[in-house]
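Here is the structure we will look at, set down as structure tokens.
The values are calculated or read from the model by the stated rules, or taken from the named source; none is laboratory data. Values in this document were obtained by computation on a predicted structure and should not be read as measured data. Note that we place each Cβ from the backbone using ideal geometry, even for glycine, and neighbour counts take in every protein chain shown.
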Amino acid sequence: MAVRDNLQFIKEQIPSQVKLVAVSKFHPVAALREAYDAGQRIFGESRVQELLSKVDQLPSEVEWHFIGHLQTNKVKNIVPVVSMIHAVDSERLLLEIDNCARKVNRTIRCLLQIHIAQEETKFGFSFQDCKELLTKTDLKKLTNVNIVGLMGMATLTDDVSVIAKEFRSLKLFKDELKSEFFAADSSFCELSMGMSDDYKVAIAEGSTYVRIGSTIFGMREY
Ligand SMILES: *Cc1c(COP(=O)(O)O)cnc(C)c1O
């Protein structure tokens, strides 16, 4: 019953307008089923093969979110089953999602991943590159992707002020893009930020999706 209790705990911590993505990567289907039985419907995975094998084993009511780095050549495999892709980090990837989604007559909600952390290793656009992409892209031509907001990961640190500052910068950037590029588009409103260690800070800074794994499912085995 641990998963059920953990979910209950998390739900008590987050306001009702913040959506919870249960990050189930590296955890067995039985754990996902336990979360499903406790009412959880949004699951986040970060590996294509693992996602695909789990999709078949859970009810079709599940909303699958791809949260990890996605390779362009694997887009076609997940587009038929995911409803949201959190980490779009290149123009090529965005166009490929649009292309593949058109072929299967779906529209995929996408978040542009922005690099806000100090670490070099995390993927994502700089603020400037993101703006350049939106400036040169004719968004109306992207018929099968819906850019609904931004995603970012904060620096791995105990210094809450650093984390808060990074999340705040993402929120401000989203507001800026909203007025500059998406003023007439009410769907551009999402901010995917916050994981097990920093979701409270993220929520205080305006997160609308938190992606929480280990606090629900326990430690992952790498
Ligand atoms: C694994 C992962 C999470 C969840 O991390 P926890 O610390 O276990 O909550 C969230 N977002 C992304 C992109 C991840 O890869």
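Structure data summary
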{"read-out": "Which listed residue is surrounded by fewer than 21 Cβ atoms within 10 Å (Cβ to Cβ), more than 13 Å from residue 213 (Cα to Cα), of a type in the set (A, V, I, L, M) and in contact (Cβ under 8 Å) with a residue 60 or more places away in the chain, from 2, 87", "value": "2"}
{"read-out": "Lone qualifier among 68, 39, 44 - being on the phi > 0 side of the Ramachandran plot and of a type outside the set (Phe, Trp, Tyr)", "value": "39"}
{"read-out": "Residue match in the stretch 157-166 (condition: away from the ligand (no atom under 11 Å from the Cβ), under 22 Å from residue 67 (Cα atoms) and crowded, with 19+ Cβ neighbours inside 10 Å)", "value": "yes"}
{"read-out": "Residue selected from the stretch 37-51 under the condition touching a residue at least 24 places away in the same chain (Cβ under 8 Å) and within 25 Å of residue 16 (Cβ to Cβ), by the criterion farthest from the ligand (Cβ to nearest atom)", "value": "37"}
{"read-out": "Residue 60 being exposed (fewer than 14 other Cβ atoms within 10 Å of the Cβ) and either of a type outside the set (A, V, I, L, M, F, W, C) or touching a strand residue (DSSP E or B) at 6+ places or on another chain (Cβ under 9 Å) (or both)", "value": "yes"}
{"read-out": "Residue match in the stretch 126-141 (condition: modelled with pLDDT of 95 or more and either within 27 Å of residue 215 (Cα to Cα) or part of a strand (DSSP E or B) (or both))", "value": "no"}
{"read-out": "Residue match in the stretch 193-213 (condition: surrounded by 22 or more Cβ atoms within 10 Å (Cβ to Cβ), at pLDDT 95 or above, on the phi > 0 side of the Ramachandran plot and not hydrophobic (A, V, I, L, M, F, W, C))", "value": "yes"}
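One line per residue, one yes/no per condition, for (1) more than 9 Å from the ligand (Cβ to nearest atom); (2) among the hydrophobic types (A, V, I, L, M, F, W, C); (3) assigned to a loop (DSSP other than H, G, I, E, B):
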site: 183; (1), (2), (3): yes, yes, yes
site: 186; (1), (2), (3): yes, no, yes
site: 191; (1), (2), (3): yes, yes, no
site: 195; (1), (2), (3): no, yes, yes
site: 202; (1), (2), (3): yes, yes, no
site: 206; (1), (2), (3): yes, no, yes
site: 216; (1), (2), (3): no, yes, no
site: 220; (1), (2), (3): no, no, yes
